[in-house]
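Computed from the coordinates by the stated procedures, all read-outs in this text should not be read as laboratory data. In this text, all values refer to a predicted model and were calculated from it rather than measured experimentally. Here the Cβ is made from the backbone with ideal geometry for all residues, glycine too, and neighbour counts use every protein chain on show.
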Amino acid sequence: MDVFHGLYFSFLFVSTIIAMVLASDPYSEALLSLKSEVVDDYNSLDDWLVPPGSGNPLGKVIACSWSGVKCNNNSTIVIALDLSMKNLGGALSGKQFGVFTELVDLNISYNSFFSQLPVEIFNLTNLASLDISRNNFSGQLPSGISGLRNLVVLDAFSNSFEGLLPIEISQLQHLKILNLAGSYFNGPIPPQYGSFKSLEFLHLAGNFLGGSIPPELGQLKTVTHMEIGYNSYQGSIPWQLGNMSEIQYLDIAGANLSGSIPMQLSNLTKLQSLFLFRNHLTGQIPREFSRIRNLISLDLSDNQISGAIPESFAELKNLRLLSLMYNEMNGTVPEAIAALPSLDTLFIWNNFFSGSLPLHLGRNSKLRWVDVSTNNLIGTIPPDICAGGVLFKLILFSNSFTGSLSPSLSNCSSLVRLRLEDNSFSGDILLNFSNLPHIAYIDLSRNKFTGGIPVDVSKASKLEYFNVSNNPELGGIIPAQTWSLPLLQNFSASACNISGNIPPFNSCKSISAIEVHTNNLSGNAPDSVSNCHALERLDLSNNKFTGNIPEELASLPDLEFLDLSHNNLCGQIPSKLGSSSSLLVLNVSFNDISGTIPANKVLRSMGGSAYVGNPKLCGPPLGPCASSMVILGSKGTGKLILVLLLCAGIVMFIVASVLGIFYIRRGSGGQWKMISFIGLPRFTTDDVLRSFNPTHSKEAMPQLPGSLCKAVLPTGITVSVKKVEWEAKRMEAVSEFIRRMGNARHKNLIRLLGFCYNKRMGYLLYDHFPNGNLSENLIRMKRDCAAKYQIVIGIAKGLCFLHHDCYPAIPHGDLKSSNVLLDDNMEPHLTEFAFKYLVWLANCSSPATIHGRETGEFNSTIKEELYNDIYSFGEMIVEILTNGRLKNAGGSIQSKPREILWREICSDNEVGSTNSLQEEIKVVLDVALLCTRSRPSQRLSMQEALKLLSAMKPTKKIR
């Protein structure tokens, strides 16, 4: 007991001493109070303590030795507090700040403070620098900031402030840096913001600002850096901005601006960077821009600018970046562009430029990235395009270039990406692959190359994608060592007149797609392909392969697409193929295959078109095998025919009687018919109709067109049923399109099992998913980034199949999270696909076909819907990343800086700054931004989106 009394009195003594010390040290006391208020999960403030037995000699501040605290020379006054990047959080009361009357610098940036900013901070009248950036402060910025009369730096970047921009900030006449970007401020920029006398840096981008840009900003004679883009203004760029004589960096991108570019901006002779991309600017580029001799970066992309590139640009000797992509410009590319000594990046894609590229392009500067794709350019590749030795991307696709490959490309050792597809290049493929150590992507498809695939292609050790398809006179063979490329993922050489055998697949660990259809390849179908464990797509169709179908194909764990059609294969279909858990499409039609199609759900669900053209092949889904002929013998053939005819007659009589009665009962709708697709057991239309109601009344059905109900069929199978109605004259067109829907089979699409219909209405029968849709499940996967990745990839694959593997393309038409169903493995399945289009077709007043020869109205409708799908996909990505917080957010994410969005999403997913998932989230977010661009033609295709997403290597990827 004496021991406990001793400890108690010792503790009481120490506490008393500490209290006495703090009583004479208000700074340390205030900071300890602040420490007790904040959330410090990482113990960043562990050294903020008063050691037992310490005193306070000569009025010294104990906190001067604490991290983040700076005092004057004699340690009697705290003059700076830096708590940045300490992973702190919580709401600040502000009650402690009254002590720090001499504080000059307050930095609490890069933390997670939330709620309102304490107004007490504005009582720190000696503050010269206030940095509260990269937190989550919300509400309006409190009034009283004008009291900080000595303030030089105000940085509130990346918070959640809202309301109007405070006008009183304009009273801070010593202010040099003002950063209010990345919040939710709305309303116009106050004209008073043009009255600053010392301001050098102004950043208001990424808010919800509107109205017109005030011309008073042109009075900012000291500003060198101004970013006010990523808002939604009205009107044009004020010409008065041309009076900002000291400006070096001007960014008004993504701001909804219209009108022409003011000529007066050419007065900004100190300007180094001008970013006006992603607006609605029209007219021509002012030729007077040549007066901005210091210009380094000029980005006017994603507008509606017309006319030619000014010849006067020859004067811009410091220009490094020229980006004019996604405009409506025309004319030729001036030779003067090739004379620019500093130019390293040239983007002029998606315009209407014609003529040849400048002959000397690349001779006078070190080009790094050239993209002139999707124009009307002709001529040859400039011979010195890689003379600078640093060119890593050359993108020339979808033009009318001719001639052979430039010899300089053969030794362009810096090259990483080469895209020349869809031109008229000819001659041999003059690429010395041993001199291309970094090349990863080559697309030479849809040209007129000859001379075969270069034998040394196997020396391109970093090659991932190689496509020479649709060069009909290429010829040659597939080089023997092609599959040994360690990183090769995609090899496409279809329709190239290639002959010989396919080299053995001794090493092919990365390859996922091999497409060599429509050639003259021969020999046995290679069984060594079983070594390609990552293979997803194999297309050997329209060749001269012989021998049996290799049963080793069944061992490939990811094989989804296998096309061996139009060859000379024989033998039987390996039954092991039916055990594949990944196979979605199999086509062995038009060969010499015999025997019975194995009685397996996977193989028999492929449809008859997968097996036709094999006279010796039988069994479902083809005709029955003639086993009864064997039983009866050849002499029993006549008897068999009689028996069959008699049975057929009886069956026809019964069916006719039943349908006649049914027709009378059903009235003007006519008789009901049944079309079965994949996996639906055989039963009658009567069974389907009776299953809609437990009373078995054939009159009780889903009430409204488009409505969905659940039905239990007589076999015990539960299906989802959707109703559609049409005029009698539209029945043929509608039923034909529904057949297309039913034959669209992909693991990320809901299966259309069957279709029960009469002349005026029908019921679509789908697989039933009891686990609900994505919208209902999002909140449960808040931290499960792997599941989110799987879902995004699955949705992308389903859409890519509809857009690119179906012909004509099938738009989804109503893509949203509630139309994505999840199975037991969290694999997504798109539902409602093409239903909007089906309803349009059912109600169309004029006849139309679905054979790829639709009317212009149909074609434009499909194209628009495909673009809408891509936009909706981008929005859905954001919804998934934010756990449902941001829905239908395509417009808002385009008006917010990418870094701020990225940071918010990392916070939504509780991903810390050191987590490797941050970079993966950034890639997915980039895809969302590219899919939701305002101009449809500028959005990614689903094929491109899927490639970008598939290139990721998630930390924990679910298969």
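Most simply put, the chain has about 20% antiparallel DSSP beta bridges, counting only bridges with both residues inside it.
Rounded to whole numbers, the Karplus 3J(HN,Hα) couplings from phi for the stretch 441-453 are 9, 9, 10, 10, 5, 6, 9, 10, 5, 10, x, x, 6 Hz, using 6.51 cos²θ - 1.76 cosθ + 1.60 with θ = phi - 60°, and x at Gly and Pro. The label point for K922 and the one for E827, both projected 7 Å from the Cα toward the Cβ, are 3.3 nm apart. Separation of the stretch 246-291 and the stretch 159-192, taken as the distance between their Cα centroids, equals 23 angstrom. With R₀ set to 51 Å, the beta-carbon distance separating N524 from S937 gives a calculated FRET efficiency near 0.65.
Quote the FRET efficiency, to the nearest 0.05, computed for S160 versus S676 with a Förster distance R0 of 60 Å and r equal to the Cβ-Cβ distance. E between S160 and S676, to the nearest 0.05, is 0.65. For S413 and A308, the difference between the fully extended length at 0.36 nm per residue and the C-alpha to C-alpha distance is 34.5 nm. Here's how it looks for C71: its modeled amide H is under 5 Å from those of I79, which are all 5 or more places away or on a different chain. Mean residue ellipticity at 222 nm, helices only, the chain: -6500 deg cm²/dmol; runs of at least 4 DSSP H residues each add -39,500 (n - 2.57), and the sum is divided by the number of residues. Global size of the stretch 774-950: 16.9, 60 Å for Rg and Dmax (C-alpha atoms, Rg to one decimal, Dmax whole). For the stretch 73-189, the Stokes-Einstein estimate of translational diffusion at 10 °C and a viscosity of 1.306 mPa s comes to 110 µm²/s, using the Kirkwood hydrodynamic radius over alpha-carbon pairs.
Please work out how much length the chain gains when fully extended from S461 to F352, using 0.36 nm per residue of separation minus the C-alpha to C-alpha distance, in nm with one decimal.
Here the answer is 35.6 nm.
Ranked from largest, the principal axis spans of the Cα set of the chain equal 124, 86, 62 Å.
Nearest 0.05, what FRET efficiency do R287 and A626 give at R0 = 56 Å with Cβ-Cβ as r? Don't skip to the end; give the middle numbers.
Values: r = 82 Å, r/R0 = 1.47.
My answer for the efficiency is 0.10.
Between V390 and E552, the modelled labels are 4.8 nm apart [label points 7 Å from Cα along Cα→Cβ].
Defining a contact as two alpha carbons under 8 Å apart and six or more residues distant in sequence, what relative contact order in percent does the chain show? Intermediate results must be reported in sequence, preceding the final value.
Details: 2313 pairs, mean separation 35.6, N = 959.
Answer for the chain is 4 percent.
Mind running the shape call on the stretch 220-318? Use the C-alpha gyration tensor, a ≥ b ≥ c as the square roots of the eigenvalues: rounded below 1.5 for a/c, prolate if a/b tops b/c, oblate otherwise. Oblate shape, in that a/c is at least 1.5 and b/c is the bigger or equal ratio.
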